[in-house]
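Undergrad: Handing you a structure now.
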Amino acid sequence: MTSRDDIIVEITPQVLLKAYSCGIFPMAESAEDPALYWIEPQHRGILPLDAVHVPRRLARTVRTTPFVVRIDHDFEGTVEGCAASREGRRSTWINSRIRSLYRELFALGHCHTVEVYDRNRLVGGLYGVTLGGAFFGESMFSYERDASKIALLHLIARLVAGGFTLLDTQFVTEHLRQFGTIEVERDAFQVLLDRALKVMADFNRLAPNASPREVLAILQRPEADNS
């Protein structure tokens, strides 16, 4: 289900958070289109935080890579990376209104970034919105192999450590499916969301400089995927 908002209607950060609490999120047709569409999918992607798959090769990469992960360090750079055109995608849905709204949410502490650096160069990352015990993933990017996957694993470990109960991926992709992402009906998602909104989670409970060893210790369980 989608609906287009009237351009003259002001969408504030508070309105945006209310929409998230109702299972709705905004997108734009393109970077050039100033209007937003409210999206409420019939089927929703979620990554169950108690059933995360960590492929063995990726775990090895997390342990050995020279990349450094930072939290909430460069919002503008992260959004710019998510909005950039790249192979297989020439356009983006991140327009100026999206940037402005999420910048305000970032200032309010409701939007967070996970960033991956090769020395001082930003090579991957993601951003999303927190509300109660729910994290709503918005977008991710990668300029180097596995950079966005490393960001995602650091995010998941942070959510688990912080007591979050819901990671909303919006949709299911092959990229996300390998970590255990599943699809649920809209009504089932709303039940999970209502429960998560009652949780007092803490995105910053895990130290911002958590080591790869700490991240993997949080994520890896006997049932984890070691393929």
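The values are calculated or read from the model by the stated rules, or taken from the named source; none is laboratory data. Keep in mind that what you see is a predicted model, and the values were worked out from it rather than measured. Heads up, the Cβs are rebuilt from the backbone with ideal geometry, glycines too, and the neighbour counts pull from every protein chain shown. SASA here: full protein model, heavy atoms, side chains in, ligands and nucleic acids out. Shrake-Rupley method; radii C 1.70, N 1.55, O 1.52, S 1.80 Å.
Undergrad: In the chain, carbon and sulfur make up what percent of the accessible area (probe 1.4 Å)?
TA: Using a 1.4 Å probe with all protein chains present, the chain comes out at 52 percent carbon and sulfur.
Undergrad: Around residue 46, with a cut-off of 10 angstrom between Cβ atoms, what is the net charge of the other residues, counting Lys and Arg +1 and Asp and Glu -1?
TA: -1
Undergrad: Moving on. Largest first and in whole Å, what are the equivalent-ellipsoid semi-axes of segment 90-227 based on the Cα gyration tensor, each being the root of 5 times an eigenvalue?
TA: Ellipsoid half-lengths, sorted descending, are 21, 21, 17 Å.
Undergrad: With the crude spin-label approximation of a point 7 Å out along Cα→Cβ, what separation in nm comes out for residue 11 versus residue 42?
TA: Rounded to a tenth, the inter-label distance reads 2.3 nm.
Undergrad: Using the Karplus equation 6.51 cos²θ - 1.76 cosθ + 1.60 (θ = phi - 60°), what ³J(HN,Hα) coupling, rounded to whole Hz, does each residue of segment 10-25 give in order, writing x for Gly and Pro?
TA: 6, 9, 9, x, 5, 5, 5, 5, 5, 4, 4, 5, 9, x, 10, 9
Undergrad: Hey, what angle do you get for helix 186-197 against the long axis of the chain, alpha-carbon based, 0 to 90 degrees rounded to 10?
TA: Compared with the principal axis, the helix lies near 70 degrees.
Undergrad: What does the extension gain come out to for residue 220 and residue 173, with contour length at 0.36 nm per residue minus their alpha carbon separation?
TA: Stretched out fully, the residue 220 to residue 173 stretch lengthens by 14.7 nm.
Undergrad: Would you calculate a helix-derived [θ] at 222 nm for the chain, using -39,500 (n - 2.57) for each DSSP H run of n ≥ 4 and dividing by the full residue count, to the nearest 500?
TA: -10000 deg cm²/dmol
Undergrad: Mind listing which GluC sites (Glu not before Pro) in segment 75-145 are in a DSSP loop and have 11 or fewer other Cβ atoms within 10 Å?
TA: Within segment 75-145, the qualifying GluC sites (Glu not before Pro) (loop, at most 11 other Cβ atoms within 10 Å) are 87.
Undergrad: What length, rounded to one decimal in nm, is gained on full extension from residue 209 through to residue 103, with 0.36 nm per residue of separation minus their alpha-carbon distance?
TA: Extending this stretch completely gives an extra 35.9 nm.
Undergrad: Which of these, 132, 124, 77, has the largest mean-square fluctuation under a Gaussian network model of the chain (Cα springs below 10 Å)?
TA: 77
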